[in-house]
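Report on the structure given below.
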Amino acid sequence: MKRGYRLLGWALLLSGAPSACSGGHVGAASSNGASATSGASAGGGEGGGAATSTGEGGGAAVGAGEGGGAAVGAGAGAGAGAGPSGECAALAPGPFEPALVTAVFSGSEDFAFDGRGYLVAKQGSNLVRFDATGRTSNFASLPGPQGPVPGLRYRPDGTLVAALPARGAVVQISATGRVDDYVTGLTDPNGLAPDAQGNVWATDLAGDRVIRLNPDATIDEIASGAPEVSEPNGIAFDPARRVVFYTNSSAGEIRRIDLNNPGERPSLVATVASSVLDGLALDTCGYLYTVDSENRTLYRVRLDAGGAALGEAELLARFPTGVANAQFGAGPGFDARTLYVGGAAGSIYAVAVGIAGAPVPAPPEAP
């Protein structure tokens, strides 16, 4: 395949491709009990278009990877947010037993899959690549001052973006490991969520705002101000619903911004009592997954087509060390139907949730 990236329409998710979870992947878990729940909901929003790309050996949520199958199963309904039917309605409620994948990282609250068989995260002052065999290699050196990397994601052009709150900046890292400033002058950049157009949706935690970083490095403020936007942390962009989801960390809230109604204040989706919510992930059913960093737990919130919660948050897993973010596996050796969870403590865990992630941008395919 020539170098470049493909944009696959959201309609590809409706092709009925059979899901698979074959051997040779890092990560496995099993259900061992009923869910423990806590939460509340409110609704609104409507659907919209979307696109994504896949990397060699499997991208997130679309297509078959080397050693692993298609990321979308039959019965998922009309794209993300179609409501419970087929395998979306049949998802096991958990809780699940997490499996340790690696503990080689340090100071990296977030991590990223490049779709080619590498998981990238921070180790000391470097970004390090890790493959499913356990091998690591240095990828890039981050500029000082050093601190945690709470957001780390790939854009569809193959560049990696990293939030560096100690510098008030988001940097971009090329495929060869070159680091350049992308956006500076931010208060406390945290969660990052690139889209297929090259924008990066982001949270500015201490600034109490949700922003969009445009490809030309300009900034658009999407929402700001407590109580609706208060210490925003994790973020997920949902192009199917035209919605941005984010967590208000100390309040234990998941909220959503309806992009179809500019100026409308963010609405409450769910609350997890006595929690500090961090990262967010979205599956192909349109359900959300969030990490409670205070209690080292993972929750799932099932949503309807408009983005309203269908019930209370379901406890999916508890972890022995600190966790902050979650992403679905992508690329050779990593299971597309497993959620990988990690945090600054350095450990990455695998939780087999039984469904694939919603489409996300992936780097260009190899030549």
Virtual spin-label span in nm between Thr184 and Ser250, 7 Å along Cα→Cβ: 3.0 nm
Tensor-based shape of segment 230-367 (alpha-carbon gyration tensor, a/c under 1.5 rounded, otherwise prolate or oblate): oblate
Model label zone, Asn261; criterion: amide N under 17 Å from point 7 Å along Cα-to-beta-carbon; scope segment 284-310: 304-309
Pairwise FRET efficiency - Gln146 versus Ala273, Cβ, R0 = 22 Å, nearest 0.05: 0.05
Rounded accessible area per residue of segment 101-242, 1.4 Å, Å²: 34 Å²
Within the accessible area of segment 227-367 (1.4 Å probe), percent carbon and sulfur: 48 percent
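With a Förster radius of 35 Å, plug the Cβ-Cβ distance of Ile219 and Arg135 into 1/(1 + (r/R0)^6) and report the FRET value to the nearest 0.05.
Numbers: r = 38 Å, r/R0 = 1.09.
So the FRET efficiency works out to roughly 0.40.
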Residue-normalised accessible area of segment 250-332, given per residue in Å² at a 1.4 Å probe: 29 Å²
Extension gain, Arg318 back to Leu100 (0.36 nm per residue minus Cα-Cα distance, nm): 77.3 nm
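The values are calculated or read from the model by the stated rules, or taken from the named source; none is laboratory data. Quick caveat, the model's predicted, so the values are computed rather than measured. A quick note on method: Cβ atoms are made from the backbone with ideal geometry, for glycine too, and the neighbour counts reach across all protein chains shown. Please note that ligands, DNA and RNA were not included when accessible areas were found on the heavy atoms of the full protein model with its side chains. Shrake-Rupley method; radii C 1.70, N 1.55, O 1.52, S 1.80 Å.
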